[in-house]
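To start, the structure under review is shown below, and the notes come after it.
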Amino acid sequence: MLLLTHRVPYPPNRGDRIRSFHLLEYLARRTEVDLAFPATEPVPAATMDVLNRLCRRVAAVRIGRRARWLRAARSLASGRTATEGLFYSPELHNTIRRWSQETRFDAVLVVCSSMVQYLDIPALSGVPAVVDLVDVDSQKWFDYAAQARFPKRQLLALEARRLRRLESSLPARTSAITVVTGREADLFESFSSHRPHVVRNGVDLDYFHPHGDPADDGPPSCLFVGALDYEANVDGAQWFCREVWPQVLARIPAAVFRLVGSRPSRQARRLGRLPGVELVGEVADVRPHLHAASVVAVPLRVARGVQNKILEALAAGKPVVVTPQALAGLRATPNKHLASAATPTEWADTLCDLLTTPPLRRQLAQSGRALVETEYRWSHQLSALDTLPGLAECIAGGQKCRKSKFK
């Protein structure tokens, strides 16, 4: 199998890597995998060691920042999406072309619409192709446009329309399309009359595990985890820090809100100067910060699919408060498995109740952990790949020869 991911799929410490890595690990136990991806920064040797153990061949092709944005501009000017330009590399294209001439692949799995362009390589013609959209990205750009001002609104809406056109072309080009929730499948079907297969996200229940309630170990604390250079995360954190957290501090002056995530943007760094807000930034292991938090907040105003940060917090036995947008992709019941709030006042009331009531925190945390144990095991979610058109034969034919490698 040829697997094309839009970023390095390891370590699984952020949303775009978590699903890709577990897909890779699942497939590598069942068939031979050749993996190729563009890399926007150097790939550590330890990461390559892990990927090389899982795969037959690995191609990590570096794309410089300046080259990426020049290609994005050219792609946009030519009538395509800027996203395609950001993830295009002539070297990666040539590598995939060479591999596909040397090997008659049984299937190709493409992760995210940005990598679909590589299916145009002639030697891949006739190879069953599956595209894992994860989310319907065009809707995310429409959502961004709705919140932006002129002229940014027009640029975001243009990208959204072109991505929607690309997504609409996929049913004629692929054996199957997958998304992460039924809600995303409904959305795709609404503009293409084709219903994608649903392959839901999971969570590593052994890695993320409960570690008690920190009520007696320090001041009440609220935690946000997410890449702090990602627009949806930064937008949600800014809204929370300016609209919600001041109301909480007025009632609980000792409370602390911590921001944990990689590559904090300038806007994210500014939030660390606000009263009661602590910018932690990138960490090697998020679990100690989850364990130390009284409550986890996911205040996203733009959210597609399943938020891994919610699943991880629930698995860690934390009470979680989310927006309706972040809740929509989950099979979770508000006030049973987690809490949901929409307005700043609802958020402040909910957080203050949780921060000052340990039994309420424990009740929500226990129910949340039980939910992910029942519904969100990776092995259960990814078993849908075994019968997926375009992948089923490749997986079935490869299982016997792979078993010995993983004994």
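The values are calculated or read from the model by the stated rules, or taken from the named source; none is laboratory data. Everything numeric in this text was worked out from a predicted model, so none of it was measured. Positions of Cβ are backbone-derived with ideal geometry, glycine not excepted, and every protein chain shown enters the neighbour counts. To get the accessible areas, we keep the full protein, side chains included, count just its heavy atoms, and leave off ligands, DNA and RNA. Shrake-Rupley method; radii C 1.70, N 1.55, O 1.52, S 1.80 Å.
No solvent, one uniform scatterer per C-alpha: report log10 I(q)/I(0) for the range 66-183 via the Debye equation at q = 0.12 1/Å, two decimals.
-0.48
How about the range 313-380: which trypsin sites (Lys or Arg not before Pro) there lie in a loop by DSSP and see at most 15 other Cβ atoms within 10 Å?
Arg331, Lys336
Build a GNM of the chain with springs between Cα atoms under 10 Å: which of Thr345, Thr374, Thr174 gets the top mean-square fluctuation?
Looking only at Thr345, Thr374, Thr174, the largest GNM fluctuation is found for Thr374.
Assigning unit charges at the beta carbon (Lys, Arg +1; Asp, Glu -1) and nothing else, what dipole magnitude in debye, to the nearest 20, does the chain show about its Cα centre? Mind dumping the intermediate values first?
Working: 55 positive and 40 negative charges, 206 e Å.
For this selection, approximately 980 debye.
Equivalent ellipsoid semi-axes for the range 212-265, as square roots of 5 times the alpha carbon gyration tensor eigenvalues: give them largest first, rounded to whole Å. Don't skip to the end; give the middle numbers.
Values: eigenvalues 100, 46, 9 Å².
So the equivalent ellipsoid measures 22, 15, 7 Å along its semi-axes.
Could you give log10 I(q)/I(0) at q = 0.12, 0.23, 0.25 Å⁻¹ for the range 1-89, computed by the Debye formula over C-alpha point scatterers of equal weight, without solvent?
Rounded to two decimals, the profile gives -0.40, -1.08, -1.18.
Tell me the angle of helix 45-54 to the major Cα principal axis of the chain, expressed in degrees between 0 and 90 and rounded to the nearest ten.
60 degrees
How many angstrom lie between the C-alpha centres of the range 152-216 and the range 325-375?
23 Å
Once you've got the GNM for the chain with C-alpha springs shorter than 10 Å, pick whichever of Val280, Val199, Val260 has the biggest mean-square fluctuation.
Taking springs between Cα atoms under 10 Å, the residue moving most is Val280.
Across the range 241-364, what fraction of all alpha-carbon pairs, as a whole percent, falls in each successive 5 Å bin from zero upward?
Answer for the range 241-364: a P(r) of 2, 10, 21, 24, 25, 14, 4, 0 percent.
Taking springs between alpha-carbon atoms closer than 10 angstrom, which of Ser100, Ser340, Ser113 fluctuates most in the Gaussian network model of the chain?
The residue with the greatest mean-square fluctuation here is Ser100.
Using only the Cα atoms, what convex hull volume per residue in Å³ does the range 285-337 have?
Once divided by residue count, the hull of the range 285-337 is 77 Å³.
Quote the charge dipole size of the range 259-315 about the Cα centre in Debye, to the nearest 20; the model charges only the Cβ of Lys and Arg (+1) and of Asp and Glu (-1).
360 debye
About its Cα centre, how strong a charge dipole does the range 90-184 have in debye, to the nearest 20, once Lys and Arg get +1 and Asp and Glu get -1 at the Cβ?
So the dipole magnitude of the range 90-184 works out to roughly 460 debye.
At 1.4 Å probe size, with the rest of the protein present, what percent of the exposed accessible area of the range 36-163 is carbon and sulfur atoms?
53 percent
Between the helical axis of 344-356 and the dominant principal axis of the chain, each derived from Cα atoms, what acute angle in degrees is found, rounded to the nearest 10?
Once rounded, the angle reads 70 degrees.
Nearest 500 deg cm²/dmol is fine: what mean residue ellipticity at 222 nm does the chain get from its DSSP H runs of n ≥ 4 alone, each adding -39,500 (n - 2.57), divided by its residue count?
-13500 deg cm²/dmol
Between the range 58-78 and the range 1-45, what is the separation of their alpha carbon centroids in Å?
Computed from Cα coordinates, the inter-centre distance equals 19 Å.
Roughly speaking, what % of Cα-Cα pairs in the range 84-146 are separated by over 17 Å, rounded to a whole number? Don't skip to the end; give the middle numbers.
Details: 923 of 1953 pairs.
Tail of the P(r) past 17 Å holds 47 percent of the pairs.
Counting heavy atoms of the protein chains only and a 1.4 Å probe, report the per residue accessible area for the chain as a whole number of Å². Spell out each step's value before the answer.
Details: 17600 Å² over 407 residues.
The answer is 43 Å² per residue.
Find the Cα radius of gyration of the chain, compare it with 2.2 N^0.38 Å by division, and give the number to two decimals.
1.00
Between helix 182-192 and the chain, what is the angle of the helix's C-alpha long axis to the longest principal axis, kept within 0 to 90° and rounded to the nearest 10?
50 degrees
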